[in-house]
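The values are calculated or read from the model by the stated rules, or taken from the named source; none is laboratory data. Just so it is clear, the structure is predicted and the values come from calculations on it, not from any experiment. Virtual Cβ from ideal backbone geometry, glycine too; neighbours counted across all protein chains shown.
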Amino acid sequence: MMRKNSITCACWVVVLLSSLANADEKTVKPLFEERFPGAKVESVVKEPLSGLYEIYAAGQIFYADEQVSYVIQGSLVNAKTRQNLTSERLKKFTEIPFDKLPFDQAIKIVKGNGKRQLAVFEDPDCPFCKQLEKELQKVNDVTVYVFLYPLEQLHPGATAKSQKIWCAPDRAKAWLSAVHDGIVPDGKADCDNPIAKLAEFGRPRRITGTPTMMFENGTRIAGAVTADRLEKLLGENVLKQ
């Protein structure tokens, strides 16, 4: 009888410890947001090796004790294997499966048969975006999804230009005119547009520069590349389908 009671007691201890762990993770989130106003916590998990809580917020990983009395910002490295645990976790948080992109918020440009697909986050005033667009002119049989992603701090006025492009009757034509010829539509900029939503989408996924390209196989590249490089990357996507 005593043995049965001991087993029952041990089971209740396991359940209690489990519930406490969940409670800790739930309380860390509001504590962190209270101490760092404006920070939106997207994930809190207990890091098994260090015993600290891993907090993912604003596109970054932090580590804290359960009371969030102390916060560490930096890489957690396994001393034995030299494995950067923080870097690997960041990749998981920031990866964007191609089919999960918000295509309803993109400008769709079809070239040739459009069988290959490419998504690009771009700023109409970004010189590297303009360079990439010149290279894209040399690439055929591809569907390009352009996500307007103005970096207002770097290019003042880019947000208004992006809004005008989205509000234009022919968005694809307006975008290409803006990046190739510097001509922005004269029309309104107050239509319902996805600019703010795309900024919210990209921020936690660490889309911090333009252009940022995403290919069907999950490859993600920041910066302009040549047409030859684009052809190779698009070819790899076809091979992996």
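On the given criteria, is Tyr145 among the hydroxyl-bearing types (Ser, Thr, Tyr), within 18 Å of Val184 (Cα to Cα) and in the same structural domain as Asp228 (by TED's automatic domain parsing)? Lay out the reasoning, then the answer.
Details: among the hydroxyl-bearing types (Ser, Thr, Tyr): yes; within 18 Å of Val184 (Cα to Cα): no; in the same structural domain as Asp228 (by TED's automatic domain parsing): yes.
In short, no.
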Take Lys80 and decide whether it is outside the structural domain of Ala158 (by TED's automatic domain parsing), part of a loop (DSSP other than H, G, I, E, B) and out of contact with any Leu (no Cβ under 7 Å at 6 or more places or on another chain). yes
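Residues checked against (1) buried (at least 20 other Cβ atoms within 10 Å of the Cβ); (2) in the same structural domain as Leu31 (by TED's automatic domain parsing); (3) among the basic types (Lys, Arg); (4) at pLDDT below 90:
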residue: Gln67; (1), (2), (3), (4): no, yes, no, no
residue: Asp104; (1), (2), (3), (4): no, no, no, no
residue: Asp125; (1), (2), (3), (4): yes, no, no, no
residue: Phe128; (1), (2), (3), (4): no, no, no, no
residue: Leu132; (1), (2), (3), (4): yes, no, no, no
Pull out all pairs, ordered by first then second residue, where Cβ-Cβ is under 6 Å, the residues are six or more apart or on different chains, the first lies in region 27-42 and is touching a residue at least 40 places away in the same chain (Cβ under 8 Å) and among the small types (Gly, Ala, Ser), and the second is in a helix (DSSP H, G or I) and surrounded by fewer than 16 Cβ atoms within 10 Å (Cβ to Cβ). none
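Check whether at least one residue in region 149-172 is outside any helix (DSSP H, G or I) and of a type in the set (Phe, Trp, Tyr), and report yes or no. Can you show your working first?
We begin by selecting, within region 149-172, every residue outside any helix (DSSP H, G or I); these are 149-157, 168-170.
With of a type in the set (Phe, Trp, Tyr) added as a condition, the list becomes 149.
Checked region 149-172: at least one residue is outside any helix (DSSP H, G or I) and of a type in the set (Phe, Trp, Tyr).
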Close pairs from region 135-156: first in contact (Cβ under 8 Å) with a residue 24 or more places away in the chain and closer than 20 Å to Pro102 by Cβ, partner among the hydroxyl-bearing types (Ser, Thr, Tyr) and not in a loop (DSSP other than H, G, I, E, B), Cβ under 6 Å, at least 6 apart: Leu148/Ser162; Pro150/Thr159; Pro150/Ser162
Is region 226-241 home to any residue that is in contact (Cβ under 8 Å) with a residue 24 or more places away in the chain, within 26 Å of Lys100 (Cα to Cα) and not in a helix (DSSP H, G or I)? yes
Looking at (1) more than 22 Å from the chain's Cα centre (by Cα); (2) hydrophobic (A, V, I, L, M, F, W, C); (3) assigned to a helix (DSSP H, G or I), which one does Ala189 not meet, given that it meets all the others? (3)
Within region 71-103, tally of residues that are out of contact with any strand residue (DSSP E or B) (no Cβ under 7 Å at 6 or more places or on another chain), touching a residue at least 12 places away in the same chain (Cβ under 8 Å) and not β-branched (Val, Ile, Thr): 6
Can you find a residue in region 206-229 that is crowded, with 18+ Cβ neighbours inside 10 Å, small (Gly, Ala, Ser) and under 26 Å from Tyr56 (Cβ atoms)? no
Number of the condition not met by Lys138 [criteria: (1) surrounded by 14 or more Cβ atoms within 10 Å (Cβ to Cβ); (2) assigned to a loop (DSSP other than H, G, I, E, B)]: (1)
Could you check region 83-140 and list, in sequence order, the residues that are polar (S, T, N, Q) and more than 19 Å from Ala222 (Cα to Cα)? Gln83, Asn84, Thr86, Gln105, Asn113, Asn140
